[in-house]
Amino acid sequence: MDAILLQILNGLDKGGAYALIALGLTLVFGTLGVVNFAHGALFMLGAFVAVSVQGLLTISKKVKDESITFFDAYKETPYLELWWGDIGTAIIDFAVPISILVAIPVMLLIGLAMERGLVRHFYKRDHADQILVTFGLAIVIQEIIKANFGANPIPTAAPAAVAGSANIGALFGIDGLVYPWWRMMYLVFSLAIIGAVFAFLHMTTFGMVVRAGMHDRETVGLLGINIERRFTIVFGIAAIVAGLAGVMYTPILPPDYHMGMDFLVLSFVVVVVGGMGSLGGAVAAGFLLGILQSFASMNEVKSILPGIDQIIIYLVAVIILLVRPRGLLGKD
Amino acid sequence: MSVKESSRARDTMILAIFSVVVLTAPLWAKLIGAGYPDLLQKFAIFGLFAIGYNILFGLTGYLSFGHAAFLGIGSYTTVWSFKLLSMNVLPAVFFAILLSGLFAAAIGFISLRRTGIYFSILTLAFAQMSYNLAYSVLTPITNGETGLRVLSDDPMVLDKALGVEVEGSPLGTLFGLTMTGWSAFYFCAVVLILGFWVSLKIFRSPFGMKLLAIKSNQTRMEYTGFNTRPYLLSAFVISGMYAGLAGSLMAVTDPLAGAERMQWTASGEVVLMTILGGVGTLFGPILGAATIKYFEQIFSAINDQVLSSTFDFLPELLNQFMVTITSPFVGEGWHLTLGVLFMVIIIFMPGGLMEGIGRLIRLLPGRRGMAAQQTQYDADVTIEANADNQTTTPEKVEKGDAS
Amino acid sequence: MTKKTISTDQSRRDFLKTSAATSLVAGAPMLFMKNAHAYVNEPKGGTVTLGFNVPQTGAYADEGADELRAYKLAVKHLNGEGDGGMMNTMKPMSLKGNGILGKKVQYVTGDTQTKSDAARASAKRMIEKDGAIMITGGSSSGVAIAVQSLCQEAGVIFMAGLTHSNDTTGKDRRKHGFRHFFNTEMSGAALAPILEKEFGKDRTAYHLTADYTWGWSQEGSIKKYTENLGWNTKAAVRTPLGAGDFSQYITPVLNSGADVLVLNHYGKDMVNSLTQAVQFGLRDKNVNGKDFQIVVPLFSRLMAQGAGKNIKGIYGSTNWNWSLQDAGSQAFVKSFGAEYGFPPSQAAHTCYVQTLLYANACEMAGTFNPCGVAGALEGFKFDGMGNGPTEYRAEDHQCFKDVLVVKGNENSSSQFDLLKIVEVTPRSKVEYAHDMEGYAGNLGSCNA
């Protein structure tokens, strides 16, 4: 029983992450009609905002290790700790949450620059061109990060208070139900972000205009509304969402320059299974795939169907797309 | 001379020029540092892969993200044919094309029920499943990470029956001619020319015309009572067979088959090759394939040592400066250059490299030469294809509501 | 029907013949001429070219970069530049500091992308275009095995870089391939006594294993040695390579009754699975009245950095660490540190040593002919290269030497001081028969 509960919880947790990672992609496709292969790169850039913030906070006083003479080895003590003692340590400890605040303006700027500088010129080009140009951009971004941060993963821990596990079973009198704090926070965080984006598109005038513009850009333009600028902002929001997904993911997966590519295919599968451009679909597909993947990885399942955990996501994608031509919640 | 005859004469001319260019590759490729067997084999093999892919993508507009699966199936079949039957490449190539065709028929039958990006994801899903399984649980068939190789104690029943003995590490043969080095290149080159010829014929045939019609407006075709599915499926199977053939040649020139040939990055690579060269053009895909392989091999091999000797003619300080500013783009930075190249080409030449060449030709005064005419002709195709793209429906996914 | 023989030897000759024939037809001068050369890429003139084939892109790019640094350093030392590094400590040594056999050493580089196909293509370029006489490098067993068999066919020597799977010198061993790095069998043999000492004989292990040949190889070795101690194996679960998030495999560990988690992962997978296992509170758990433990059988310092403080106190094995105090290690760390400003990784060490060993074997044999070089390396006993007395076993071309058991350092004195050496397990404890079951292979014959 506790094993089943754990896998369900794990599935929800994975699902929340998948949905959040895919959200920006579906937003850009749904509103702008652009297949953005650089979405993974935005996710990765978000993670590296956290790495950079952590790096800045931990700028250290270096005390040379005198026992080593062949090269410079240091024992590092961050200045923040030296200056402010425990308060400094606490600030460093909160590097990832602080990064969330930093990531919002940084990712917005990156998103706006990307849209104005490049993506905008590709609205009217076909998908193949969009794929090539955004893929090229993704490679360039990735290589720049590699040149600056190396190829190895960089540890970026969650605050100590939430780095460990919570005994949530104790609340319900079930033994052995423990789950990491941070992962539960990721789930809540992703639901909040998804809700916010949804509300933004459906409950604000801005969102209404954007949705109208999606249907008929010209008419909206004739009404004297600057739809171009709104599309730019939508792209910026998508970049923020992708970036925040990346920041929040760093304690789970130490970031490296390639992590965007690793998640690119997955996020496309989630978006398409949900129905291209449907926010609700992406969320539903994220949770569905997360839970199924979690269960497919159980020994009991694997012993009956060897290798099922390797293909479950793709298998589900195939089945869903055959049953529902436009994905879970896509419209014809 | 009738129109038909003149176009046929022009096609013969194209084929003749193409053959000459391919067969003399060992001569001219030396000028760009690519004149060694392995890279030229790769040019031919990936050229073939891209030509085949172009028959599907270029003509029908269906963007498959899973063609690497057929490449892998071709390779595995070839190595198994070597292991079980004979080191002769003909049965190996035959079975590879056959089996990849069968797989393509099955996968195509299912995937073609959907259009646009839904089709793309279906093909991607099948390829990724093949890759993941080949890497892990199918290891008894694929030898997993290490890759499937021919061992000297394999059965090779046909060879045994005919009394051909194999010692050491076996290599593919064509009736006694060993498939390695230049002989392997010429074998690939001949296959490439054949493949090009078939593709040319398809482009010019009523079948090809129908595919283009599907690309420009599938719905309208269907309203007129025209059943598009058999045509699409044929195109899918043909391109799958090309991929299988390419995979087979990879195993022929180097008897090893690895699962990573099926990974999505490999499927993505052929998409990039085709777009980079020019979708829907005859030569574009080959050019795109060669460009990417050239970068992978030649640019990645340039290190500081090579750079500083390249800029040797400059004064010391300038030499160092040049080395410093160029080194991020070569060697381990070859990916960066490739990324920049993708962006620059697609931004400035929407039709890929072929459009660029077409423009250059038009700039030439008195473009009368054979080569000019031929390239011009191909460039025209590019432009037509692009014109088509503007109105393409199948690959334009209906944008769902953001709800 | 005439009886045809396709031997490797003949195929190579065919290859040369065809090359020659084609070159006549095409009118282009070819790289290899049968008559002029006794073996592939015989160095003519004053230089000899080595091929360094390392991952420059992908997950192991940093490891590849470090390997390349080591190679460049080795070339310097061979050519008599720099401080000579291990050439001051290696014994017996025939190197003179004037290149190899009097020829100045040059090198070419290439990107394996940690993919067999790309690695072979790159190695072929080095052999066919650049005239490399020896290929070395790599950061994974799949690549090493693929390139090793290529070198056998092409008739050049392959000096393996970082490859840990038994198969490289086990069932896939080749006459032309040599491995200095240790393997999973040695990791198991070296770790087991320490695990017994630290965790006792009564333990229940749970394996998470990367689902490919290296992972299985390591899982098999660790299982074998720990079960000999009396440990139980609760489950051995295969995880997809590059899974990223391993949480769905970790949750079943929580209440499985196991009290040791063995992570048969390397590189990024290791960093991720370890980070996540710690996050799930495994290390704070108490099962069966014992503290829960995590073991990572193959450690690398470069990768340990990625796991941050999660690595502290975790046991594993490694081929070499820069903190070793023997003269050879010190000499190498000193010249590497002076050149690049930081210590070398174990990958850099094995690559450096391999290059020197190859060069030394050429000097011993008095030729670059791969048959002669292989002969000189087989059974070669040496010391002063950082691992104590070492022998290249003739039967399988595997180096036998001491193995380091290490632990994530809980009190590091610097940013590089991540691994603490717990034990140097002597060679005699990790040695096994070359024809052991599941390990036996056929070297084949020399191809020149």
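Coordinate-derived values only; no laboratory data. Here the structure is a predicted model, which is why all the values come from computation and not from measurement. Cβ sites come from the backbone with ideal geometry, for glycine too, and all protein chains shown count toward neighbours.
Only DSSP H runs of four or more residues enter the estimate; each adds -39500 (n - 2.57), and after division by the residues of chain B the mean residue ellipticity at 222 nm equals -22500 deg cm²/dmol. Partner shielding of B:298-305 amounts to 5, given as the average count of beta-carbon atoms from other chains within 10 Å of each residue beta-carbon. Out of every Cα-Cα pair that the stretch A:188-249 contains, those further apart than 13 angstrom amount to 65 percent. The packing ranking, built from the mean of other Cβ atoms within 10 Å per residue, places the peptides B:313-325, B:110-122 in the order B:110-122, B:313-325, highest first. Using only the C-alpha atoms, the convex hull of the stretch C:185-318 corresponds to 90 Å³ per residue. Across the stretch C:287-298, coupling constants 3J(HN,Hα) worked out from phi with the 6.51/-1.76/1.60 Karplus curve, θ = phi - 60°, read 10, 6, x, 10, 5, 5, 10, 10, 10, 10, x, 10 Hz, and Gly and Pro carry x.
When C:Thr233, C:Thr318 are sorted by how many other C-beta atoms sit within 10 angstrom of their C-beta, beginning with the fewest, the order is C:Thr233, C:Thr318.
Can you give the helix-only mean residue ellipticity at 222 nm for chain C, where every DSSP H stretch with n ≥ 4 adds -39500 (n - 2.57) and the sum goes over all residues, rounded to the nearest 500 deg cm²/dmol? Write down the numbers at each step before the final one.
Details: 13 runs with 170 residues, N = 448.
Dividing the helical sum by the residues of chain C leaves -12000 deg cm²/dmol.
The charge dipole of the stretch B:34-262, taken about its Cα centre with unit charges on the Cβ of Lys, Arg, Asp and Glu (plus for the first two, minus for the last two), comes to roughly 1140 debye.
Take each residue of peptide C:235-243, count the partner chain Cβ atoms within 10 Å of its Cβ, and average: the result is 5. Under the shape rule built on the C-alpha gyration tensor, where the axes satisfy a ≥ b ≥ c, the stretch A:33-134 is prolate, since a/c reaches at least 1.5 and a/b is greater than b/c. Look at the Cα gyration tensor of chain A: its axes a ≥ b ≥ c give a/c of at least 1.5 with a/b at or below b/c, and that counts as oblate. Dipole orientation for the stretch C:124-248: of the candidates C:Thr168, C:Ser140, C:Ile222, C:Thr168 has the Cα lying most toward the positive pole (charges on Cβ; Lys, Arg +1; Asp, Glu -1).
Protection proxy ranking of C:155-162, C:350-357, C:254-261, by the mean of other Cβ atoms within 10 Å over each peptide's residues and highest first, is C:155-162, C:350-357, C:254-261. Considering only Cα atoms, the convex hull volume of the stretch B:34-262 works out to 124 Å³ per residue. Relative to one another, the C-alpha centroids of the stretch A:201-217 and the stretch B:1-59 are positioned 50 Å apart. Under a model in which nothing but the beta-carbon of Lys, Arg (+1) and Asp, Glu (-1) is charged, the stretch C:185-318 shows a dipole of about 200 debye around its Cα centre. When the Cα positions of A:Thr156, B:Ala259, A:Val247 are compared along the charge dipole of the protein assembly as shown, B:Ala259 comes out farthest toward the positive end, with charges on each C-beta of Lys, Arg, Asp and Glu.
Explain nothing, just the number: dipole magnitude of chain A about its Cα centre with +1 on each Lys and Arg Cβ and -1 on each Asp and Glu Cβ, in debye rounded to the nearest 20.
Values: 19 positive and 22 negative charges, 188 e Å.
Dipole about the Cα centre, nearest 20: 900 debye.
Measuring r between the beta carbons of C:Lys224 and B:Phe295 and using R0 = 30 Å, the FRET efficiency lands at 0.10. Computed from the Cα positions only, the extents of the stretch A:170-317 along the three principal axes stand at 62, 35, 33 Å, in decreasing order.
Over what distance in Å are the Cα centres of the stretch B:285-357 and the stretch C:68-142 separated? First find each Cα centre; the distance between them is then 25 Å.
What is the mean projected area of the alpha carbon convex hull for chain B, to one decimal in square nanometres? Kindly include the intermediate steps, with their values, before the conclusion.
Details: hull surface 101.0 nm².
Answer in nm², one decimal: 25.3.
Near the amide H of C:Val262, within less than 5 Å, lie the amide hydrogens of C:Tyr206, C:His207, C:Leu208, C:Val295, all on another chain or at least 5 residues away, with H placed in the peptide plane.
Measuring against 23 Å, Cα to Cα, the residue pairs B:Lys30/C:Lys44; A:Lys61/C:Lys72; A:Lys302/C:Lys285 contain A:Lys61/C:Lys72; A:Lys302/C:Lys285 as the ones spanning a longer distance. Note on the stretch C:145-216 and the stretch C:384-440: Cα centroid distance 12 Å, given to the nearest whole angstrom. Sequentially through the stretch A:180-189, phi angles give Karplus couplings (6.51, -1.76, 1.60; θ = phi - 60°) of x, 4, 4, 5, 5, 5, 4, 4, 4, 4 Hz, Gly and Pro residues having no value and appearing as x. Since only C:Ala304, C:Val287, C:Gly257 are under comparison, the one whose Cα sits farthest along the positive direction of the charge dipole of the stretch C:220-325, derived from C-beta charges on Lys, Arg, Asp and Glu, is C:Ala304.
What the phi angles of the stretch C:353-368 give under the Karplus curve with 6.51, -1.76 and 1.60, with θ = phi - 60°, is a coupling list of 4, 4, 5, 5, 4, 5, 4, 4, 5, 4, 4, 4, 6, x, 7, 8 Hz, glycine and proline written as x. Shown for A:Val106, A:Val210, A:Val188: other C-beta atoms within 10 Å of each C-beta, ranked fewest to most, produce the order A:Val188, A:Val106, A:Val210.
Within straight cross-link reach of C:Lys96, meaning Cα distance under 15 Å, which aspartates and glutamates are found once same-chain residues fewer than 8 apart are removed? Cα-Cα hits under 15 Å: C:Glu81, C:Asp83, C:Glu363.
Taking C:Ala190, C:Ala38, C:Ala348 in turn, the Gaussian network model of chain C (Cα-Cα springs below 10 Å) assigns the largest fluctuation to C:Ala38.
Please express the Cα-Cα pair-distance distribution P(r) of the protein assembly as shown as a list of whole percents, one per 10 Å bin, running from 0 to the bin with the greatest distance. All Cα pairs, binned at 10 Å, distribute as 2, 10, 18, 23, 22, 15, 7, 2, 0, 0 percent. Close amide H contacts of C:Val422 (hydrogens built in the peptide plane, cut-off under 5 Å, sequence separation of 5 or more or a different chain): C:Val405, C:Val406, C:Lys407. By the Cβ distance rule (another cysteine Cβ under 4.7 Å), the unpaired cysteines of chain C are C:Cys151, C:Cys351, C:Cys362, C:Cys399. Residues C:Glu63, C:Glu153, C:Glu227, A:Glu66, ranked from the fewest to the most other C-beta atoms within 10 Å, line up as A:Glu66, C:Glu227, C:Glu153, C:Glu63.
Sorted on the mean count of surrounding Cβ atoms within 10 Å across their residues, most packed first, peptides A:52-61, C:394-403, C:416-425 read C:394-403, C:416-425, A:52-61. Inter-chain neighbour count for B:186-194: the average number of beta-carbon atoms from partner chains within 10 Å of each residue's beta-carbon is 0.
Classify chain C as rounded, prolate or oblate, taking a ≥ b ≥ c as the square roots of the eigenvalues of its Cα gyration tensor: rounded when a/c is under 1.5, otherwise prolate if a/b is larger than b/c and oblate if not.
Numbers: a/c = 2.06, a/b = 1.67, b/c = 1.23.
Because a/c hits 1.5 or more and a/b exceeds b/c, chain C counts as prolate.
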